[in-house]
Amino acid sequence: MDAVTFRFTVDGMEVQATEGQSVIQACDAAGIYIPRLCHHPDLEPAGNCRVCTCNINGRNGAACVTPAVHGMVVESNTPQLTGDRRAIIEMLFVEGDHPCPYCVASGDCELQALGYRLGMVAPAQPYQQPGRKIDATHPDIYLDHDRCILCSRCIRASRMEDGKTVFGFEGRGIKMRLNVDAQGGLGETQMAAIDKAASVCPVGCIVIKRGSYRIPNGSRRFDKSPIGSDIEAKRTSRKS
Ligand code: SF4
Ligand code: SF4
Ligand code: FES
C-alpha cells in the first residue's frame, strides 16, 4: 500500500510530506534547510539542542521531533528564530573552548558552520574555557571534552547502531558532561574507529587519530559551501 502523503507550508512554501516524517525530514526532502545540531539523518531524533525550533501552528516546537501533519503552518526563517538560534550557538561557543583557527575540525564543524550561517560575530558572554581534560587513552581516537556540545549523537549511535554503551552523560544542568563506560577512559571501552559513534560528532570532540589533516584546510565540507546548501540544492535543481 502506498504511503499517505499530504501538504503543509513552511515560510509560505508548500511542502509535500509522508506520514511518519518529522517536520525536519519533510523539509530536508523538499530542499528547505532548518538549522540543527543534535539531529543526524541516520539516528533517532533526540530534540535536545533546540536549534531547529520553529514556530509551528503559532507555538514554538523542535522540528526534529515534531511529526509533520496535514495543513500545519511552519515558520522557520524569521528574524526572531534566527536570533534565538544564534544565541544558542553563542552559548555553546562560550561554554566550552572553541579556538577555531587551531582546531582539527575547522571547516568540517557544524557548530562553526552554523556560527557563520547565522551571522555570529563575537559572543556577548565571556568565554568560560573550562579546561576539561583530553582523553587520549584510545589508540585510534581521542576525545577533547572542551569541544563537546552535549548533542548526544555519539550516545545514540553507540547504543542503536553499534550495539554498545560506550558513551553516556553524567551530572545535570550546567554540570552535565559526556563520560565513557570505563574508569580508565576511552581506551578501556569497546569503542572502535569504524563505529558509527566515531563518525557522527558535529564538532571536534571525537577525533580519529592520524586522520585529521587528510583533507587540508580550505578544502573541507564547509570551506566550500555553507552548511545546509546540500539540502537547499535539491530545491534549486528541481526549479531548473
Ligand atoms: S569544534 Fe568547531 S567550533 Fe569548536 S573550535 Fe573546533 S572548529 Fe571551532
Ligand atoms: S562527543 Fe560529539 S557527538 Fe558526543 S555528545 Fe559531544 S558533541 Fe555530541
Ligand atoms: S536539531 Fe532539533 S532539537 Fe536539536
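Nothing in this text is a laboratory measurement; each read-out follows from the coordinates by a stated rule. Predicted model only: the values in this text are computed from it and were never measured. Here the Cβ is made from the backbone with ideal geometry for all residues, glycine too, and neighbour counts use every protein chain on show.
Under a Cβ-only charge scheme (Lys and Arg +1, Asp and Glu -1), can you give me the dipole magnitude of the range 5-77 about the Cα centre, in debye to the nearest 20?
200 debye
Residue separation times 0.36 nm, minus the C-alpha to C-alpha distance between GLN129 and SER199: what's the value?
Full-extension gain reported as 22.7 nm.
Hey, with R₀ at 25 Å, roughly what FRET efficiency would VAL94 and GLU170 work out to, going by the Cβ-Cβ distance, to 0.05?
0.70
In the structure displayed, which of LYS175/LYS209; LYS175/LYS234; LYS133/LYS224; LYS175/LYS196; LYS164/LYS224; LYS164/LYS209 lie more than 30 Å apart, Cα to Cα?
Pairs exceeding the cut-off: LYS175/LYS234; LYS133/LYS224; LYS164/LYS224.
What is the spread of the Cα atoms of the chain along each of their three principal axes, largest first, in whole Å?
Its Cα atoms span 53, 45, 38 Å along the three principal axes.
I need the Kirkwood Rh of the range 26-93: take the reciprocal of the average 1/r across all distinct C-alpha pairs and report it in angstrom.
Kirkwood hydrodynamic radius for the range 26-93: 12.5 Å.
Taking other Cβ within 10 Å of each residue's Cβ, how do LYS224, LYS234 sort, fewest first?
Sorted ascending by nearby Cβ count, the order is LYS224, LYS234.
Distance from the Cα centre of the range 115-134 to that of the range 166-240, in angstrom?
Here the answer is 18 Å between Cα centres.
In debye, nearest 20: dipole of the chain around its Cα centre with unit charges on the Cβ of K, R (+) and D, E (-)?
300 debye
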